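Beneath this line is the structure, given in structure tokens, with notes to follow.
What follows draws every value from the coordinates through simple rules; no lab data is involved. Keep in mind it's a predicted model, so treat the numbers as computed, not measured. Cβ: placed from backbone, ideal geometry, glycine included. Neighbour counts: every protein chain shown.
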2 protein chains.
Amino acid sequence: MERQRRAADPRSTRVDARAARNGRGRTPAGDALSALVTIVFRLHGALTAANDRLAGRAHQTSARWQVLAAIEDSPKAVAHISRRLWLARQSVQRVADVLEQDALAEFTDNPDHLRARLLRLTPDGRAALRGIGAAQRTWADGLGARIGGVKLERAAHVLGEVLRALSETHPGALRKRR
Amino acid sequence: MERQRRAADPRSTRVDARAARNGRGRTPAGDALSALVTIVFRLHGALTAANDRLAGRAHQTSARWQVLAAIEDSPKAVAHISRRLWLARQSVQRVADVLEQDALAEFTDNPDHLRARLLRLTPDGRAALRGIGAAQRTWADGLGARIGGVKLERAAHVLGEVLRALSETHPGALRKRR
DNA sequence: GTTGATACGACAGCATACTGTCAATATGGC
DNA sequence: GCCATATTGACAGTATGCTGTCGTATCAAC
């Protein structure tokens, strides 16, 4: 289940050569954003591999874990989960279906909506989440301490700004809520 | 071609509720890292959509653009590109094959290696890259100015540290280079 | 109530990326 | 030169996520 990625050239974790020499006349801020985009792509791959490893202890994957975690506190409709995770409705539906097959979650009637059934954790699903959560805590605490909580918070804040700006400047691609 | 994502609840771009109340006893740094992971996943989706939109002007996709850009300066073997992009060799091979079919790139003999042919841009491929690059510059400069170059650089630096720490602490998952 | 817009689930198809496996080719130690 | 190891391309299969489309349900405006 472990992802078989190869480590990239250490030098390549720095600013991409193409962006560094700024061959296309971008502004410094444009260069910085481009470098950030590059590293977010790489980090996404590395973090997916890490999450797969953590979730693997409970025979789950990164994607299944995300859906399980989304319904940990309260049952939710598939469309609701997809908005929360910034995924297409159909992607979450597929994962929800396999979670139901594996008896980790189940669909229950929604008193407020005839068709939008609520996805709810089963005891097995809750046990799986507990197992993953313990491993995740150790992993996050260790890596977090290594980088530093304050720096991580600042970085996350900037990423949040980028995300907000993206959804505002491209309202066509990212539909309005409700 | 436009990705049909729905904008998430604005509140959900903040720290995930699960992490915020720290129900599992993580340290503050562990919480900060967990929040960063959440936002990197979301940002990856939003940036893939943005890149697809930029590359769409040349009838390309985010994935094809990445491979084209990787061979912009010099032809490279598929395995070389995959290391650079932190992707599996096979994923890049598939994209390279379709790029060849579309006459945007071509395989040429490698004087240093009998089997590892080099992927090289064709004039069409170079023209496609030029078209994408112009749009990307505008996009990156605009969004970069909105956030601020210094903040973006600092955030990218922290993400680089996380990436480096991940490849060091999990050498099994991310194989050593050469 | 009726109606138009929206939300939702369902189905089909495609794009992207991963894993596993194999044979052929390099590569480095001896 | 020989051999163990790593690299590379190729093939098959799977997981994740997106698009398009449909019919039905919900909801708000009237």
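All but one of (1) surrounded by fewer than 16 Cβ atoms within 10 Å (Cβ to Cβ); (2) under 30 Å from B:Gly142 (Cα atoms) hold for B:Gln101; state the number of the condition that does not hold. In the conditions (1) surrounded by fewer than 16 Cβ atoms within 10 Å (Cβ to Cβ); (2) under 30 Å from B:Gly142 (Cα atoms), B:Gln101 misses (2) alone. Residues in segment A:32-64 that are in contact (Cβ under 8 Å) with a residue 60 or more places away in the chain, within 11 Å of DNA strand D (Cβ to nearest atom) and buried (at least 22 other Cβ atoms within 10 Å of the Cβ): A:Ala55, A:Gln60.
Just to be sure before I move on: is A:Leu68 away from DNA strand C (no atom under 13 Å from the Cβ), assigned to a helix (DSSP H, G or I) and not acidic (Asp, Glu) in the structure I sent? Against the criterion (away from DNA strand C (no atom under 13 Å from the Cβ), assigned to a helix (DSSP H, G or I) and not acidic (Asp, Glu)), A:Leu68 qualifies.
I'd like the residue in segment A:90-103 that is part of a helix (DSSP H, G or I) and within 21 Å of A:Arg53 (Cβ to Cβ) and, out of all such residues, is farthest from the other protein chains (Cβ to nearest Cβ). So, considering only residues that are part of a helix (DSSP H, G or I) and within 21 Å of A:Arg53 (Cβ to Cβ), the one farthest from the other protein chains (Cβ to nearest Cβ) is A:Val98.
Filtering segment A:71-93 to residues that are without any contact (Cβ under 8 Å) to a residue 24 or more places away in the chain and under 14 Å from A:Gly133 (Cβ atoms) leaves only A:Asp73.
With the condition kept exactly as written, say whether any residue in segment B:68-82 is within 14 Å of DNA strand D (Cβ to nearest atom), in contact with a Phe, Trp or Tyr (Cβ under 7 Å, 6 or more places away or on another chain) and at negative phi. No, segment B:68-82 contains no residue that is within 14 Å of DNA strand D (Cβ to nearest atom), in contact with a Phe, Trp or Tyr (Cβ under 7 Å, 6 or more places away or on another chain) and at negative phi.
Within segment A:151-160, the presence of at least one residue that is over 19 Å from the mean Cα position of the chain (by Cα), facing chain B (nearest Cβ under 8 Å) and away from DNA strand C (no atom under 12 Å from the Cβ) is confirmed. Which of the residues that make up segment B:94-125 are within 13 Å of DNA strand D (Cβ to nearest atom) and in contact (Cβ under 8 Å) with a residue 40 or more places away in the chain? Those that are within 13 Å of DNA strand D (Cβ to nearest atom) and in contact (Cβ under 8 Å) with a residue 40 or more places away in the chain: B:Arg117, B:Leu118, B:Leu119, B:Arg120.
Any residue that is farther than 30 Å from B:Gln66 by Cα, more than 10 Å from DNA strand C (Cβ to nearest atom), in a helix (DSSP H, G or I) and more than 7 Å from chain B (Cβ to nearest Cβ) - is there at least one of those in segment A:72-89? There is no residue in segment A:72-89 that is farther than 30 Å from B:Gln66 by Cα, more than 10 Å from DNA strand C (Cβ to nearest atom), in a helix (DSSP H, G or I) and more than 7 Å from chain B (Cβ to nearest Cβ). When residues in segment B:104-136 are screened for being in a helix (DSSP H, G or I) and surrounded by 19 or more Cβ atoms within 10 Å (Cβ to Cβ), 6 of them pass.
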